[in-house]
Amino acid sequence: MKKLIGWSIVSSIGIGLIVWVASNVFSFSYGEWSFFIGLGLSVVLFFLNSSGGMFSKGTTFEASEAMWKIQKDIEQKTNVGAVFYGSVLFTIISFIMMMIMYF
């Protein structure tokens with residue numbers, strides 16, 4: 001558990017540095033876009049590290065129609081790690097900073 005927390009903090013700092021460098025290279029506001037980048041990254045990482053769920057049900061349904069066989073549904077399982085938790089931490093911190101900046 002302590003390793004997961006440590007790596008989550010490290011990955012959050014890494015994501016922050018990558019977004020900061022990208023904001024300097026492509027000249028966009030770090031404070032305005034960091035929350036949305038973190039949110040998008042969290043969603044993408046969640047769906048890339050999961051199996052089953054909505055997308056698998058659609059694929060299973062199409063396969064069962066094509067082959068005239070009833071396929072078993074697969075339950076959604078998510079195997080997230082430190083990078084996902086780091087992106088969620090980055091998103092939360094950037095949301096708080098965005099609210100402070102605007103209010």
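The values are calculated or read from the model by the stated rules, or taken from the named source; none is laboratory data. Note that the structure is predicted; figures quoted are calculated from it, not measured. FYI the Cβ positions are ideal-geometry reconstructions off the backbone, even for glycines, and counts take in every protein chain you see.
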Of the listed residues (46, 28, 35), the one being surrounded by 12 or more Cβ atoms within 10 Å (Cβ to Cβ), at pLDDT 95 or above and of a type in the set (Phe, Trp, Tyr) is 35
Residues of the stretch 61-96 being over 28 Å from the mean Cα position of the chain (by Cα) and either surrounded by 15 or more Cβ atoms within 10 Å (Cβ to Cβ) or modelled with pLDDT of 65 or more (or both), in sequence order, are 71
